[in-house]
Amino acid sequence: MQNDFFNLEEQKTRQLEGFQDAVKHAYENSPFYRRTFDENNIQPEDIKELEDVVKIPFTRKSDLREAYPYGMAAVPLEKILRIHASSGTTGKPIVAGYTKKDLEFWAEGVARICEMAGVKPSDIAQVSFGYGLFTGGFGLHYGLEKLGATVVPFSSGNTERQLTLMKDFKTSVLVCTPSFAIYMSEVARELGYEPSEFGLKIGLFGGEPCSEAMREDIEKQWGLKATVNYGLTEVIGPGVSGECTESRGMHILEDLYYPEIINPETGITLPAGEKGELVLTPLFKEGFPIIRYRTGDITRLIPETCPCGRTTRRMDYITGRSDDMIIIKGVNIFPSQIEEVLAGFREVSPHYRLVLHKQKGFIKDLEVQVELTPEGFSDRFRELEALEGRIRRHLRSTLSLAPRIKLMEPKSLERTTGKAKRILESEEL
Ligand code: DLL
């Protein structure tokens, strides 16, 4: 298996060659890219060095929607062995098709991510991501198998049974979204178990943001080492980047994926270390190649090398999606900013929801619904009112806008076995 300790010069050369091959393959085999490159007067030979990649136009989610279902294919369909899709909230799903080679590279990449997180062939890993069109279940499954771990392919849902088998099978690695890990610990306690007695050692979490407060909560509840990994269907699925045990950002498998950070408004590449939108190009993909894909995810590339010694660059934790940005009365807000403020209050739990009250399509008001912890809960109105006031003041100084706060009883917000849905819209007349 490829490791993540590269000679940096060799790495650059390999990336350039990988990028050139990816562009050539797309141009020669994908009608979509042939058309796009021709329209922009670009030939694969124009990419002579890595700096030239900016000549190539971005691929956007809308391009993939329009190509539904097979418009992005660059091989005859009989060479596609598997199809995944991501639903999103609106519009047609995004479809991804994988050849045998794509599946092999994917599994190898995920295996490396798991190894970085400290998973060993002797581990028993319970995959509690959904198996199906979502890439999480199958993606982690084949990567863990490739690593040699024992895989329990549970899929999501059925929480009580998950817990029973976890105990009986002596599961050591839990694989799911961070919000499901929190929910499982709550259910475990309700059933009279102490989560830390399950013996879990490592958590492989991903698919949605995991704030520091969530991570701490999960580690404390389960007594495990939580690691975060990142990926997306359009590019491959999970396995684009993942944390080593230093927990200081996610190492990108740079021999497989070429990262760039751009200003989401201008599309211009940002200097090293600055925060912007992540653009990714997988360098090996045969079935549905994708070049310079605008992920919508906001992060930065960390310029310093990691104390673990791996030479692959790290990306910081995702602070939001460019399309998650809420604009109220001219103020730009990311849900992660609100989450950070809430995390500073020990009286509230990591469960929250943002309700956008809209009028004629515009956001008129923002309501932050946040659940109290059992310790934070009080039947004294005055205490709750004071807490509400403090949260509101903190949010106002961070956001320059004071949202409505609604304190909710413990365990009253809906729990999820997959990705948490934090934003709701309500149209007022
Ligand atoms: O969520 C792939 C995946 C599965 C990654 C399991 C890791 C583990 P999609 O359903 O296409 O694919 O959703 C991709 O989810 O663009 C991000 O906005 C978000 N996302 C994924 N991982 C993280 C993460 C999978 N670690 C979208 N932190 C991406 C924050 C994440 N957001």
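Annotations
- Among the conditions (1) more than 10 Å from the ligand (Cβ to nearest atom); (2) assigned to a loop (DSSP other than H, G, I, E, B); (3) of a type in the set (Val, Ile, Thr), the only one that VAL341 does not satisfy is (2).
- Top-ranked residue of region 375-409 - restricted to ones that are in contact (Cβ under 8 Å) with a residue 60 or more places away in the chain and either hydroxyl-bearing (Ser, Thr, Tyr) or open to solvent by 40 Å² or more (accessible area, probe 1.4 Å) (or both), ranked as farthest from HIS357 (Cα to Cα): THR398
- In region 298-318, the residue that is farthest from the ligand (Cβ to nearest atom) out of those that are in contact with a Pro (Cβ under 8 Å, 6 or more places away or on another chain) and open to solvent by 40 Å² or more (accessible area, probe 1.4 Å) is ARG313.
- Failed item in (1) closer than 22 Å to ARG112 by Cβ; (2) within 15 Å of the ligand (Cβ to nearest atom); (3) open to solvent by 20 Å² or more (accessible area, probe 1.4 Å), with THR295 passing the rest: (3)
- Of everything listed in (1) within 15 Å of the ligand (Cβ to nearest atom); (2) open to solvent by 10 Å² or more (accessible area, probe 1.4 Å), the single unmet condition for GLU246 is (1).
- Whichever residue in region 125-140 is of a type outside the set (Gly, Ala, Ser) and more than 11 Å from the ligand (Cβ to nearest atom) and, among such residues, is nearest to TRP106 (Cα to Cα): TYR131
- Restricting GLY132, GLY71, GLY91 to those that are at pLDDT below 95, surrounded by fewer than 18 Cβ atoms within 10 Å (Cβ to Cβ) and assigned to a loop (DSSP other than H, G, I, E, B) reduces the list to GLY91.
- When region 94-122 is limited to residues that are among the acidic types (Asp, Glu) and either open to solvent by 10 Å² or more (accessible area, probe 1.4 Å) or without any contact (Cβ under 8 Å) to a residue 12 or more places away in the chain (or both), the one that is farthest from ALA22 (Cα to Cα) turns out to be GLU115.
- Residues of region 185-212 satisfying the condition of being more than 17 Å from the chain's Cα centre (by Cα) and within 16 Å of the ligand (Cβ to nearest atom): ILE202
- Subset of region 154-176 (residues that are within 14 Å of the ligand (Cβ to nearest atom) and either not in a strand (DSSP E or B) or not assigned by TED's automatic domain parsing to the domain that holds LEU232 (or both)): SER155, SER156
- Residue in region 413-423 that is assigned to a loop (DSSP other than H, G, I, E, B), charged (D, E, K, R) and open to solvent by less than 90 Å² (accessible area, probe 1.4 Å) present: yes
- From PHE105, PHE138, PHE169, residue being under 20 Å from the mean Cα position of the chain (by Cα), more than 15 Å from LEU253 (Cβ to Cβ) and modelled with pLDDT of 95 or more: PHE138
- Region 216-236, subset within 16 Å of the ligand (Cβ to nearest atom) and polar (S, T, N, Q), residue nearest to ALA181 (Cα to Cα): THR227
The values are calculated or read from the model by the stated rules, or taken from the named source; none is laboratory data. Predicted model only: the values in this text are computed from it and were never measured. Here Cβ is always computed from backbone atoms with ideal geometry, including for glycine, and neighbour counts include all displayed protein chains. What goes into the accessible areas is simple: the full protein's heavy atoms, side chains included, and nothing from ligands, DNA or RNA. Shrake-Rupley method; radii C 1.70, N 1.55, O 1.52, S 1.80 Å.
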